[in-house]
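Contents: one structure, followed by commentary.
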Protein chains: 2
Amino acid sequence: MKVRLVLEYDGTAYAGWQIQSNGHTVQAVVEEALTRLSGEFLRLHPSGRTDAGVHARGMVAHFTIVRELPMAAFLQGLNRLLPMDISVREANRVADDFHARYDSTGKWYRYTLQTGEMRSALRARTSWHVRGALDLDLMRRAAADFIGRHDFSAFRAAGCEARTTVREIYSLEISAVDELIQIDVKGKGFLRNMVRVMVGTLVEIGWGKRPPGDVAALLAEGRRELSGRTAPPQGLCLMEVWYGEDSPLKTGGGPL
Amino acid sequence: MKVRLVLEYDGTAYAGWQIQSNGHTVQAVVEEALTRLSGEFLRLHPSGRTDAGVHARGMVAHFTIVRELPMAAFLQGLNRLLPMDISVREANRVADDFHARYDSTGKWYRYTLQTGEMRSALRARTSWHVRGALDLDLMRRAAADFIGRHDFSAFRAAGCEARTTVREIYSLEISAVDELIQIDVKGKGFLRNMVRVMVGTLVEIGWGKRPPGDVAALLAEGRRELSGRTAPPQGLCLMEVWYGEDSPLKTGGGPL
């Protein structure tokens, strides 16, 4: 049978999602717990990878298992076996043709900035401390240009090998609560480091080091070396992955 | 000169505030950073100790130093030298007779509960995961009996050696946001583990395992073995320490 898990993790201690020859990864730890639970060697297939230090509130992954265990075994059983920094939020039996990556219709990422002159020890694991005043109006004006379908060649990791660089952003909202600024990005799919380069560029615009028109220009030119820095991983969290009709903010195709 | 620091820390990695022969403590790490900064051996005097695993958003501590350094040296300098899980929020020169502990007129502690069937990996370091439904109305009714001056003998650590067990609570508020419940306790002073035993008892009342009238009875009888469990340390955070006229919720003496 096929099972879909919704996983939450504090990525601080992990070398990202994907199993590597050297490095403690979320995938390896969850697969090991599944093997202890079921006696089977299983492979977890995620909706997408997360990089080292990135968190997840709602990572989705599926696996196929021979034994027909009740879902409670995965929920309670895995939560007992997993370390405190990984937890299972949901376990559901799904159709045999379900695929966590190919069936996904959207994702929501949240990036958290901590402003203020002094860094905050209690926010260190989950935010990027940005010194200097940020003009949120400038950032929001620039952010509007990300909405829709664009070629995001200028907003990805140097080593990104995606076949196509066109992606669709449904919404990008910037909200401020006390010293925290949350940047919520929802879209159909993302290139490697895409949200982090978008955030790095928006922060440079907020500082006044770039004009807000840069986003449209960078999307048009597609040159990574002209866009902003890659924001550090600890501010990023994969909040939710959508399937089928769940995706609430799908705007439809649009030109390109 | 005398300097007052406001410190924030994630207590997860520490054996509490106070220097011990064996154990990594907040006091030891900050004193070492001060010595590196100033070249002097200094002693930090806190407003009170925090136990192993307890966090602080606004711990206050003072020290006396021979060299007259500018406050920016302590703010920026210490924040560069300290590990990511400790930060300095304020540094102020104070009068020579200031004392972080004796001059304190009040403290605010926040205890955070995470409810819901599944534990949350991202909340693990800063909350107590409580399974089963909590009746907040029962908890609030019981909490009202804590307000005012009482003998808190039933609400302290077994090893607590305070000379007097009478303390005054200014307010206790219970608020719920999604899966989180925050219990904010403000008072003139606290016995060792006092907030954690108060919270453990309130949770047992919320579960319906004790009647809400238990709080008044326990305060009157003063027997620790009859009150609730000690809530675990990671849910507790020292939010603020007040001095002089700052204390906003001081209710005045009252009988006892």
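The values are calculated or read from the model by the stated rules, or taken from the named source; none is laboratory data. Small disclaimer: the values here were computed from a predicted structure and weren't measured. Note that each Cβ is placed from the backbone with ideal geometry, even for glycine, and that neighbours are counted across all protein chains shown. The protein model used for the area step is the full one, side chains on, heavy atoms only, and it has no ligands, DNA or RNA in it. Shrake-Rupley method; radii C 1.70, N 1.55, O 1.52, S 1.80 Å.
Rounded to the nearest Hz, the phi-derived 3J(HN,Hα) couplings of region B:152-166 under the Karplus curve 6.51 cos²θ - 1.76 cosθ + 1.60 (θ = phi - 60°) are 9, 3, 7, 10, 7, 5, 4, x, 5, 10, 4, 5, 10, 10, 8, where x marks glycine and proline. Would you compute the Debye intensity of region A:86-203 from its alpha-carbon atoms alone, equal scatterers and no solvent, and pass along log10 I(q)/I(0) at q = 0.12, 0.13, 0.19, 0.23 Å⁻¹ to two decimals? One equal scatterer on each Cα of region A:86-203 leads to -0.55, -0.63, -1.10, -1.31.
Taking amide H as placed 1.01 Å from N in the peptide plane, the amide H of residue B:129 sits under 5 Å from that of B:114, each at least 5 places away or on another chain.
Projected over all directions and averaged, the alpha-carbon convex hull of chain A occupies 14.4 nm².
In the calculated pair-distance distribution of the protein assembly as shown, the portion above 45 angstrom amounts to 23 percent of the Cα-Cα pairs. In the assembled protein chains, residue A:177 presents an accessible area of approximately 90 Å² (probe radius 1.4 Å).
Quick one: dipole size for the protein assembly as shown, taken about the Cα centre, charges +1 on Lys/Arg Cβ and -1 on Asp/Glu Cβ, in debye to the nearest 20. Don't skip to the answer; put the middle values down first.
Values: 66 positive and 60 negative charges, 104 e Å.
Dipole magnitude for the protein assembly as shown comes out near 500 debye.
Using the Stokes-Einstein relation with a Kirkwood hydrodynamic radius computed over Cα pairs, the translational diffusion coefficient of region B:67-106 at 4 °C and a viscosity of 1.567 mPa s comes to 109 µm²/s. Near the amide H of residue B:14, within less than 5 Å, lie the amide hydrogens of B:53, all on another chain or at least 5 residues away, with H placed in the peptide plane.
Using a 1.4 angstrom probe with every protein chain in place, what is the largest-first accessible-area order of B:41, A:155?
Descending accessible area places them as B:41, A:155.
In plain terms, the chain from residue B:182 to residue B:24 could stretch by 54.0 nm, reckoned as 0.36 nm per residue minus the Cα-Cα distance. In whole percents, the pair-distance distribution calculated for region A:2-94 from its alpha-carbon pairs, binned every 5 Å from zero, is 3, 15, 28, 29, 17, 7, 2.
Estimated from the Cβ-Cβ distance and a Förster radius of 45 angstrom, the FRET efficiency linking residue B:141 and residue A:171 is about 0.55. For residue A:219, the solvent-accessible surface computed with a 1.4 Å probe is close to 20 Å², ligands and nucleic acids excluded.
In the structure shown, do any of A:2/A:107; B:2/B:188; A:209/B:2 have a Cα-Cα gap over 29 Å, and if so which?
Details: A:2/A:107 22 Å; B:2/B:188 24 Å; A:209/B:2 40 Å.
Exceeds cut-off: A:209/B:2.
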